[in-house]
1. Cβ-Cβ distance below 6 Å, separation of 6 or more or different chains: which pairs start in the range 25-45 with a residue that is in contact (Cβ under 8 Å) with a residue 12 or more places away in the chain and surrounded by fewer than 16 Cβ atoms within 10 Å (Cβ to Cβ) and end on one that is part of a loop (DSSP other than H, G, I, E, B) and of a type in the set (A, V, I, L, M, F, W, C)?
2. Taking Phe107 as the residue in question, decide whether it is more than 18 Å from the chain's Cα centre (by Cα) and free of Cβ contacts under 8 Å to residues at least 60 places away in the same chain.
3. For the range 63-78, check the following and say yes or no: at least one residue is without any contact (Cβ under 8 Å) to a residue 12 or more places away in the chain and either within 25 Å of Gln171 (Cα to Cα) or in contact with a His (Cβ under 8 Å, 6 or more places away or on another chain) (or both).
4. Taking the range 100-133 on its own, how many of its residues are among the basic types (Lys, Arg) and in contact with an Asp or Glu (Cβ under 8 Å, 6 or more places away or on another chain)?
5. So, in the range 57-81, of the ones that are at positive phi and loosely packed, with under 13 Cβ neighbours inside 10 Å, which residue ends up modelled with the lowest pLDDT?
6. Kindly provide the set of residues from the range 81-101 that are within 28 Å of Arg207 (Cα to Cα) and out of contact with any helix residue (DSSP H, G or I) (no Cβ under 6 Å at 6 or more places or on another chain), ordered by number.
7. Of the residues Pro162, Pro183, Pro157, which single one is farther than 30 Å from Val47 by Cβ and either more than 21 Å from the chain's Cα centre (by Cα) or in contact (Cβ under 8 Å) with a residue 24 or more places away in the chain (or both)?
8. In the range 158-170, what residues are in contact with a Ser or Thr (Cβ under 7 Å, 6 or more places away or on another chain) and over 18 Å from Arg195 (Cβ atoms)?
Amino acid sequence: MTSPATPGQAASLARPPAAAPVQRLQFRFRLFPLGLITGMFDPQLLVELIREGCEGGHRLIRREFTLEPRRVLLILQALSFGLVFRRDAQKPEPEHDYRVAIYKTRFFTKTVNTEDLARVLNQTAEGGFELYHALKYPTRFLFFFPRESYIFIFRRPFAGQPRQTNYVVHQTPYRFFSRTMDPQVYESDLNTLGRSGQIKITFRDERRVFGLFRQPTAVAIFEQGA
């Protein structure tokens, strides 16, 4: 027959109170306003917002970089970027430096010049920056004429040896009459470029044939190690 527990023993046998659960994922959300009419912005201000959002081990979530409407003067509507940042409490993100590059499509045709786009990408990548995210969004030229622009976000870790990269831009035209993609041609182009680099991002655009006819295209950006 066991003897009754003393008060001290009873206290030692009691189950300790459960600790409050630690929130593993933490989020931040920021709105970055674009120009009311032009839709343009100062790239350096966007860089400063990204740096602030990434402080403390957060990272920019690429799948949650969106175009959001906002109210101006109560009745007018303008666009803004919606940026979500996430921090994993068990594995915070290393600190990075950031750069932002803007590429504007041609004025009249709103098409991409692949050589100019590659030049913009490679100039921004100098010093060990790597393409991290890209977004296509509508803008205006001379306040009224529609145009498209691309935002490219580059980053480079503060710690470690930076890796110099080179970017190649390739455009695969769709079938002219049906305006549909030829799967075999697109697959062949991707495999050819993939021999010397990795695909970073693709988007759909268009080009002009004989200066008049619009032909859809698939634009692919490949990253090559320098």
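1. Qualifying pairs under 6 Å: Ile37/Phe143.
2. Working: more than 18 Å from the chain's Cα centre (by Cα): yes; free of Cβ contacts under 8 Å to residues at least 60 places away in the same chain: yes.
It is true that Phe107 is more than 18 Å from the chain's Cα centre (by Cα) and free of Cβ contacts under 8 Å to residues at least 60 places away in the same chain.
3. Narrowing the range 63-78 to residues without any contact (Cβ under 8 Å) to a residue 12 or more places away in the chain: 63, 69, 71, 73-75, 77.
Right, trim to either within 25 Å of Gln171 (Cα to Cα) or in contact with a His (Cβ under 8 Å, 6 or more places away or on another chain) (or both) and you get 63.
So far as the range 63-78 goes, yes, one or more of its residues are without any contact (Cβ under 8 Å) to a residue 12 or more places away in the chain and either within 25 Å of Gln171 (Cα to Cα) or in contact with a His (Cβ under 8 Å, 6 or more places away or on another chain) (or both).
4. Within the range 100-133, the first condition is being among the basic types (Lys, Arg), and the residues that meet it are 104, 106, 110, 119.
Applying the additional criterion that residues be in contact with an Asp or Glu (Cβ under 8 Å, 6 or more places away or on another chain) yields 104, 110.
So the count comes out to 2.
5. Of the residues in the range 57-81, the ones at positive phi are 57, 73-74.
When the remaining residues are screened for being loosely packed, with under 13 Cβ neighbours inside 10 Å, the result is 73-74.
Details: Leu73: 82, Leu74: 78.
Per the criteria, the residue is Leu74.
6. Filtering the range 81-101 down to residues within 28 Å of Arg207 (Cα to Cα) leaves 81, 100-101.
If the condition is that a residue be within 28 Å of Arg207 (Cα to Cα) and out of contact with any helix residue (DSSP H, G or I) (no Cβ under 6 Å at 6 or more places or on another chain), then Phe81 is the only one that fits.
7. Pro183
8. Answer for the range 158-170, where residues must be in contact with a Ser or Thr (Cβ under 7 Å, 6 or more places away or on another chain) and over 18 Å from Arg195 (Cβ atoms): there is none.
The values are calculated or read from the model by the stated rules, or taken from the named source; none is laboratory data. These numbers come from a predicted model, not from an experiment. Neighbour counts run over all protein chains shown; Cβ positions are idealised from the backbone, glycine included.
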